[in-house]
Amino acid sequence: MCDRVMERELPLENLNAAYLANHLKELQDRVVEELHSVCSVLVPCVPPHYDLARAMALMCHHGIARHLRDLLSHDLPHPALYHVLNWMATVYPSENMMGHHNFSSEIDVSELGPLIPAEMLEEQLGRYTRNMRVCIGQWIRKALDVEFSDWLRDQEPDKDQDGFYLSTFQHIVMQMLMENVQLAAALGESLENRVRNAMVFEMENCLVWLREALVKYGIEHMKDRTYPTYYSQYLLAVINGCCALSSTISHLQPEGSGSPAFRKVAPCLQTSLDKTQKKACHLLLDDLQTELQPLFRDIPSRPWLTSSNNVRFICDKMEDYSQYLCKARAPACEYLLAQTERMLTIEYVRALMDSKFVCRSPGERQQVAYRMALDAEELSTVLHTMGLEESALCGPLIQSLQELFALMDPSLLSLEVSGLMTAFPDISDDHVLALLDLRGDVTRDLRHTVLSTMHRQAVTLPDDYRPIFISIPVPARAPPFCLHPSSCA
């Protein structure tokens, strides 16, 4: 009877998972029925040395092995191939088939041997892994398309129970990957390890595609800064999704598994995840920076000397921004705060570098120093209000620079610049010269003295120091004693 099931012509164009599941279930039932009949009816009627039950079991085994090899010779789709492999690994030797209690005393499953050769099994496991990666990659692409369309909609993203914006995309992808790992685990450790490593690579691909989608999202926003309506909120949702994913990546490889391939790729995966999260953070910061840049244009200027409106407006924007910042989970929130302080510092100092303003008198230099001290205090206060415990960059750097203007005796500038270099060793000659130009009272000889002091004091940057002035360009200075532009040609 089981021969008739195996000899039945299979619809090669429709060998899907559902059909094969039914086919293999029917084969299982027929084999159990046939072996039960042999053991209960025929075995008692023949001499024991005939070993009829074993002979019948071997005959069924060889017939099923041929049938499975024939099935596997076809290009089975990924779910159908899984059903065949799962049936071979878990159903065939179980008590539901060859180990059935009705004939387990007559038949030793371990004597039957493997259904397919080890080389063929290795080939099928590799084929399954490759097919599964293709399917997972296609699924992730489609899921990301849906996620991107959600970012553009006129609807606020979902929030979790704590009120943080939440993107479920990363969680859904991880869940999908883990489900495939669990399915593979049912077929043995060899396939489980293959699938775990494959899922790590697919997760890394997913993060690359997610970064590409974020770049596209930022470009859409640059075209029209009022669109998408919830631009910042969806970026925060992605950031929080990355935070959640960071704590679950290790689930792709159980602790103590010790897979060399995973140990090699796991740090790369964490790095890719960090890059994705930072990409979303930088898009958020770029949006804030675009809003703030026009407010720095009048620093320094004569109206700025007598009014604090510029920095007050900047602080108002920062307070508005803080309502988004509080929706980011740690440690992303701390990273955003630190980057916000850095961005404010760069924009403030860049405004000084780009300015055409020159102090006309000692009184104006004192006014500049006083205004810069007030600005440093206001910016440090708003950063503290946003959650930064202590301003380690913005306040201290602006305070250090204002000392160059507060100094009454220009001959002491070398000493002041030396102290500035000690605190911020990446400051360049061009930065210092631009600040000296702002003072308006530094002679050519004094410039030379200051630069000579800087060259003598030049030091290697400490390992724990993060350069700041390298991010602040200095406009090219006009050549001294330049003739009419036509003559310069």
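Suppose the filter is farther than 18 Å from residue 181 by Cα, at pLDDT below 90 and part of a loop (DSSP other than H, G, I, E, B); does residue 104 pass it?
yes
Among the residues of the range 299-331, which ones are of a type in the set (Val, Ile, Thr) and either assigned to a helix (DSSP H, G or I) or under 25 Å from residue 243 (Cβ atoms) (or both)?
Residues of the range 299-331 that are of a type in the set (Val, Ile, Thr), as a first pass: 299, 306, 311, 314.
Residues satisfying the conditions are 306, 311, 314.
Quick grid of which residues meet (1) modelled with pLDDT of 85 or more; (2) of a type in the set (Phe, Trp, Tyr); (3) buried (at least 19 other Cβ atoms within 10 Å of the Cβ):
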site: 261; (1), (2), (3): no, no, no
site: 267; (1), (2), (3): no, no, no
site: 270; (1), (2), (3): yes, no, no
site: 274; (1), (2), (3): yes, no, no
site: 282; (1), (2), (3): yes, no, no
site: 288; (1), (2), (3): yes, no, yes
site: 293; (1), (2), (3): yes, no, no
site: 308; (1), (2), (3): no, no, no
Take the residues of the range 169-208 that are within 26 Å of residue 150 (Cβ to Cβ) and either touching a Gly at 6+ places or on another chain (Cβ under 9 Å) or not in a helix (DSSP H, G or I) (or both): which is most open to solvent (accessible area, probe 1.4 Å)? 171
Note on the range 107-131: residues in contact with a Pro (Cβ under 8 Å, 6 or more places away or on another chain) and modelled with pLDDT of 90 or more are 121, 131
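Does residue 141 meet the test of being more than 30 Å from residue 218 (Cβ to Cβ) and outside any loop (DSSP other than H, G, I, E, B)?
Working: more than 30 Å from residue 218 (Cβ to Cβ): no; outside any loop (DSSP other than H, G, I, E, B): yes.
Answer is no for this residue.
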So residue 334 clears everything in (1) part of a helix (DSSP H, G or I); (2) at pLDDT below 95; (3) touching a helix residue (DSSP H, G or I) at 6+ places or on another chain (Cβ under 9 Å) except one condition, right? Which one? (3)
Filter result (open to solvent by less than 20 Å² (accessible area, probe 1.4 Å), in a helix (DSSP H, G or I) and of a type in the set (Val, Ile, Thr)) within the range 107-138: 129, 136
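Any chance you could count how many residues in the range 392-432 are hydrophobic (A, V, I, L, M, F, W, C), in a helix (DSSP H, G or I) and open to solvent by less than 20 Å² (accessible area, probe 1.4 Å)? Reasoning before the result, please.
Looking only at the range 392-432, we keep the residues that are hydrophobic (A, V, I, L, M, F, W, C), and these are 392-394, 397-398, 401, 404-408, 412-413, 415, 417, 420-421, 423-424, 427, 432.
Narrowing the set further to residues that are in a helix (DSSP H, G or I) leaves 394, 397-398, 401, 404-406, 412-413, 415, 417, 420-421, 423, 432.
Add one more test, that the residue is open to solvent by less than 20 Å² (accessible area, probe 1.4 Å), and what stays is 394, 397-398, 401, 404-405, 413, 417, 420-421, 432.
Going through the range 392-432 one residue at a time, the tally reaches 11.
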Here is a list of conditions, (1) closer than 24 Å to residue 65 by Cα; (2) of a type outside the set (Ser, Thr, Tyr); (3) in contact with a Phe, Trp or Tyr (Cβ under 7 Å, 6 or more places away or on another chain); (4) open to solvent by 50 Å² or more (accessible area, probe 1.4 Å), and residue 159 meets all of them except one; can you say which number that is? (1)
Of everything in the range 33-49, what is of a type outside the set (Val, Ile, Thr) and either touching a residue at least 24 places away in the same chain (Cβ under 8 Å) or closer than 12 Å to residue 106 by Cα (or both)? Give them in sequence order. 33, 34, 35, 36, 39, 40, 44, 48
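The values are calculated or read from the model by the stated rules, or taken from the named source; none is laboratory data. The structure presented is a predicted model; accordingly, all values stated were derived computationally and were not measured. Note: ideal-geometry Cβ built from the backbone for every residue, glycine included; neighbour counts use all protein chains shown. We work out accessible area using only protein heavy atoms, side chains counted, and drop any ligands, DNA or RNA first. Shrake-Rupley method; radii C 1.70, N 1.55, O 1.52, S 1.80 Å.
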